[in-house]
Amino acid sequence: MTADTLPHGRVEAVNTPPPDPQPTWMLREELRVGTVGGGPGSFGQIKGLVALDDSGFAVVDARAQEVRIFGADGSRSPFPFFSRVSSL
């Protein structure tokens with residue numbers, strides 16, 4: 001950012017973008033749960049993912065009509081998952 005004081009006392013600030021305005025993102029897999037394509041534990045059509053308060057997460061599988069709950073380490077929750085999810 002550059003700032004200049006103009007002759008009448010007003011300050012003009014200009015944000016100057018960095019030389020490479022494209023952000024550099026690097027994705028790194030830290031956890032994998034389930035599989036895709038069939039078999040036990042596979043996901044059919046993931047429609048949503050939400051972080052839970054306990055650092056776990058829930059996955060909505062539209063094809064199986066289930067909400068699967070996982071712990072922060074990726075372990076499947078011992079609590080029953082919700083099945084036959086209906087549209088709101």
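No lab work stands behind these numbers, since they all come straight from the coordinates. Quick caveat, the model's predicted, so the values are computed rather than measured. Cβ: placed from backbone, ideal geometry, glycine included. Neighbour counts: every protein chain shown.
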Point-to-point label distance, ALA13-ALA58, nm (Cα→Cβ direction, 7 Å offset): 4.2 nm
Protection proxy ranking of 61-70, 11-20 - average other beta-carbon atoms within 10 Å, highest first: 61-70, 11-20
By count of other Cβ within 10 Å, fewest leading, how are ASP53, ASP73 ordered? ASP53, ASP73
